[in-house]
Amino acid sequence: MKKLAVIALSSLLAVSVVGCGKASDTTEPKSSGEAKGADTSKKLTISLLAPSFAGGGWPSDNAIIQKLDEKLNIELQIQWVPADTVAQKLNVMAASNSFPDAYWVQQNEFIKWRDKNIFMDIKPVLSQYPNLSKQITAEALQLNNPKDKYYGLPYYIQDTRDSLAIRQDWLDKLGLKMPTTVDEFAEVATAFATKDPDGNGQQDTSGFSFGFLNNKFTGAGPIMAAFGLGNEWIKSGDQLVNFKTQNKEMKQFVTYLNKMYQSGALDKDFATNKVADHKDKFVANKVGIAEFVPGELLTTSFQTLKKAQPNAAIAQVIPPKGPDGKQGTTTNSMTTAKVVINNAIDKDKQQRILKMLDYMVSDEGYDLIKNGIENVHYKSDNGKIVKLDAYDKERPQLLSIWFFRRFDPLIQMHKWEDPNLVKQLEAWNANNAKYPWQNQGAEVLTESQSKLGPNIDQKWIAAITKIIMGQAPVDSVDQAAADWLKNGGEQITKDVNEEYKKLKN
């Protein structure tokens with residue numbers, strides 16, 4: 001029954017997000033339904049914690065904060081925390097009982113604290129907030145929550161979202177074809193590193209790069225999928241198996257990456273990359289292939305690249321086929337992160353926060369946090385919407401892309417975008433959707449994962465990184481897997497499978 005529910009959820013979300021995306025990007029905002037649950041006559045200070053990525057967050061005087069303050073009669077104080085340290089920051093806050101009023105929380109921490117009276121149960125009052133009720137399905141709200149409880153609002157992530165981007169102009173300059181297999185991928189990446197694709201007379205470029213987030217690879221999903229590795233958990237018979245114990249496939253994967261590392265095809269500094277460094281190197285004209293969120297790439301990163309490299313051109317790499325013909329798009333679980341409200345704050349604050357979140361997904365509010373302020377971030381010029389320089393400088397879209405948003409696969413597309421660009425993104429999305437690489441255990445999270453996982457995962461990723469860099473033999477994969485299992489992985493696997501069976505019944 002659980003499997004059928006998840007399939008139904010995916011179908012419902014697919015219908016709802018397409019409608020939301022097209023409506024919000026092709027029309028002016030309509031008047032919003034007003035939330036009934038909050039009296040705004042009294043000014044309140046609201047503290048909020050949000051993750052940040054490349055470029056960091058806003059200063060306190062950002063125009064969007066000022067608009068939200070004015071609309072909701074609040075003083076919004078946002079603490080932006082680098083995405084790869086959010087969990088650490090929240091655990092420090094938990095130790096001192098100093099959570100902010102509202103915050104973005106990843107699945108691990110959400111499950112860990114969900115039943116400890118830390119988060120407000122939103123379900124009893126949700127009907128008072130019409131935009132939240134309209135924009136988020138009950139199925140999405142229920143995901144990872146106990147029955148009849150909503151201890152948070154889902155942060156929407158498109159599942160088959162991320163794409164490998166390649167420098168088409170580098171391919172053309174070197175007379176190379178688009179790679180379709182992992183062998184061709186390595187050949188192209190090696191050429192990018194050794195044949196001066198940028199034409200500056202120096203061997204200062206790399207072919208491919210990826211990074212790390214929470215002791216996991218980020219940006220390497222299509223290569224992992226090509227070698228048959230699971231997206232964290234993979235089904236084997238009637239059991240879930242962690243990809244760290246797929247020794248045969250892992251040896252093929254690290255052997256491949258080691259060869260790329262030795263040839264220069266793989267970024268020599270990949271081991272120190274954080275979550276977005278591989279993307280920054282692509283934008284800086286130093287790397288020829290990297291994984292991106294397509295909407296962000298097409299609207300922001302590529303535009304930055306073009307300013308410095310006017311002749312730059314990019315294209316999508318369809319996930320390359322592995323030795324056995326396998327291929328896959330990096331696939332996320334759609335709604336595992338949450339926006340939660342502190343259960344310890346007074347009800348007036350809780351209601352005001354819900355009113356703020358309700359406004360953010362209304363037609364008017366979503367237009368604000370996605371497109372910015374008219375005549376500040378964009379203007380109408382003879383019936384055409386034109387983006388202003390302040391948009392790139394002030395980045396008014398940060399709340400919508402990093403904190404809370406509608407279920408909108410066109411989140412990165414704005415009202416001034418060229419319709420051809422929108423079609424391009426839709427094509428990239430359609431290509432990605434053909435090669436899902438699902439984490440079979442995405443809904444399962446156990447206490448042993450929370451307690452034992454971070455330490456053993458860190459040791460495992462360090463061991464695998466050494467192998468890729470040639471500092472340890474390929475057969476060390478066996479020892480890395482054995483150590484992971486011995487030091488907690490066996491318990492994690494046992495607990496995950498027990499929980500998985502409960503979900504299936």
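Among residues belonging to region 131-140 that are farther than 12 Å from Leu357 by Cβ, assigned to a helix (DSSP H, G or I) and not charged (D, E, K, R), point out the one that is most open to solvent (accessible area, probe 1.4 Å). Only one residue fits best here, namely Ala138.
The helices (runs of 4 or more DSSP H) found entirely in region 434-505 that carry 1 or more residues being in contact with a Gly (Cβ under 6 Å, 6 or more places away or on another chain) and of a type in the set (A, V, I, L, M) are 447-468, 490-504. So if I check each of Glu232, Glu291, which one is closer than 25 Å to Leu171 by Cα and of a type in the set (Asp, Glu)? So the residue among Glu232, Glu291 that is closer than 25 Å to Leu171 by Cα and of a type in the set (Asp, Glu) is Glu291. Counting residues in region 176-183 that are without any contact (Cβ under 8 Å) to a residue 12 or more places away in the chain, closer than 30 Å to Ala284 by Cβ, acidic (Asp, Glu) and not in a strand (DSSP E or B) gives one or more. The residue pairs whose first member lies in region 345-371 and is in contact (Cβ under 8 Å) with a residue 60 or more places away in the chain, whose second member is assigned to a helix (DSSP H, G or I) and basic (Lys, Arg), and whose beta carbons are closer than 7 Å, counting only pairs six or more residues apart or on different chains, are Tyr359/Lys71; Leu368/Lys67.
Of the set (1) open to solvent by 40 Å² or more (accessible area, probe 1.4 Å); (2) touching a residue at least 40 places away in the same chain (Cβ under 8 Å); (3) within 18 Å of Lys259 (Cβ to Cβ), all apply to Lys195 but (2).
Considering (1) farther than 26 Å from Gln107 by Cα; (2) surrounded by fewer than 17 Cβ atoms within 10 Å (Cβ to Cβ); (3) hydrophobic (A, V, I, L, M, F, W, C); (4) without any contact (Cβ under 8 Å) to a residue 12 or more places away in the chain, the lone condition that Val474 does not fulfil carries the number (4). Go through region 67-113 and give me each residue that's charged (D, E, K, R), open to solvent by 30 Å² or more (accessible area, probe 1.4 Å) and touching a residue at least 12 places away in the same chain (Cβ under 8 Å). The answer is Lys67, Lys71, Glu75, Asp84, Lys89, Lys112. Among the residues of region 186-205, none qualifies, meaning not one is closer than 22 Å to Leu445 by Cα and of a type in the set (Lys, Arg).
Of Asn247, Asn200, Asn215, all but one fail to be surrounded by fewer than 19 Cβ atoms within 10 Å (Cβ to Cβ), over 24 Å from Ala430 (Cα atoms) and under 20 Å from the mean Cα position of the chain (by Cα); the exception is Asn215. For region 145-160, the condition holds for at least one residue, the condition being that it is touching a helix residue (DSSP H, G or I) at 6+ places or on another chain (Cβ under 7 Å), under 30 Å from Gln309 (Cα atoms), of a type outside the set (Lys, Arg) and crowded, with 16+ Cβ neighbours inside 10 Å. Screening region 316-349 for residues that are small (Gly, Ala, Ser) and open to solvent by 20 Å² or more (accessible area, probe 1.4 Å) and picking the one that is farthest from Tyr103 (Cα to Cα) gives Gly325. In the set (1) over 30 Å from Lys248 (Cβ atoms); (2) more than 23 Å from the chain's Cα centre (by Cα); (3) open to solvent by less than 20 Å² (accessible area, probe 1.4 Å), the condition left unmet by Ala308 is number (3). Against the list (1) surrounded by fewer than 21 Cβ atoms within 10 Å (Cβ to Cβ); (2) not in a strand (DSSP E or B), the condition Lys235 fails is (2). Of the listed requirements (1) outside any helix (DSSP H, G or I); (2) of a type in the set (Asp, Glu); (3) open to solvent by 20 Å² or more (accessible area, probe 1.4 Å), Glu291 misses just one: (3). Right, Gln128: open to solvent by 60 Å² or more (accessible area, probe 1.4 Å) and in contact with a Gly (Cβ under 9 Å, 6 or more places away or on another chain) or not? Spelling it out, Gln128 is indeed open to solvent by 60 Å² or more (accessible area, probe 1.4 Å) and in contact with a Gly (Cβ under 9 Å, 6 or more places away or on another chain). Checking each residue in region 382-405 for being modelled with pLDDT of 95 or more and of a type in the set (Asp, Glu) picks out Asp389, Glu394. Within region 43-55, take every residue that is exposed (fewer than 15 other Cβ atoms within 10 Å of the Cβ) and modelled with pLDDT of 95 or more and give me the one that is nearest to Met93 (Cα to Cα). Filtering first and then ranking leaves Thr45. Is it fair to say Thr336 is in a loop (DSSP other than H, G, I, E, B) and in contact (Cβ under 8 Å) with a residue 24 or more places away in the chain? Judged against the criteria, Thr336 is a match. Against the test of being in contact with a Lys or Arg (Cβ under 8 Å, 6 or more places away or on another chain) and either of a type outside the set (Gly, Ala, Ser) or closer than 14 Å to Met469 by Cα (or both), the options Phe270, Phe243, Phe292 yield a single qualifying residue, Phe292. Checking Ala193 against (1) out of contact with any strand residue (DSSP E or B) (no Cβ under 6 Å at 6 or more places or on another chain); (2) part of a helix (DSSP H, G or I): exactly one of these is not met. Which one? The single condition Ala193 does not satisfy is (1).
The values are calculated or read from the model by the stated rules, or taken from the named source; none is laboratory data. Note that the structure is predicted; figures quoted are calculated from it, not measured. A quick note on method: Cβ atoms are made from the backbone with ideal geometry, for glycine too, and the neighbour counts reach across all protein chains shown. When the accessible area is computed, the model is the full protein with side chains, heavy atoms only, and any ligands, DNA or RNA have been set aside. Shrake-Rupley method; radii C 1.70, N 1.55, O 1.52, S 1.80 Å.
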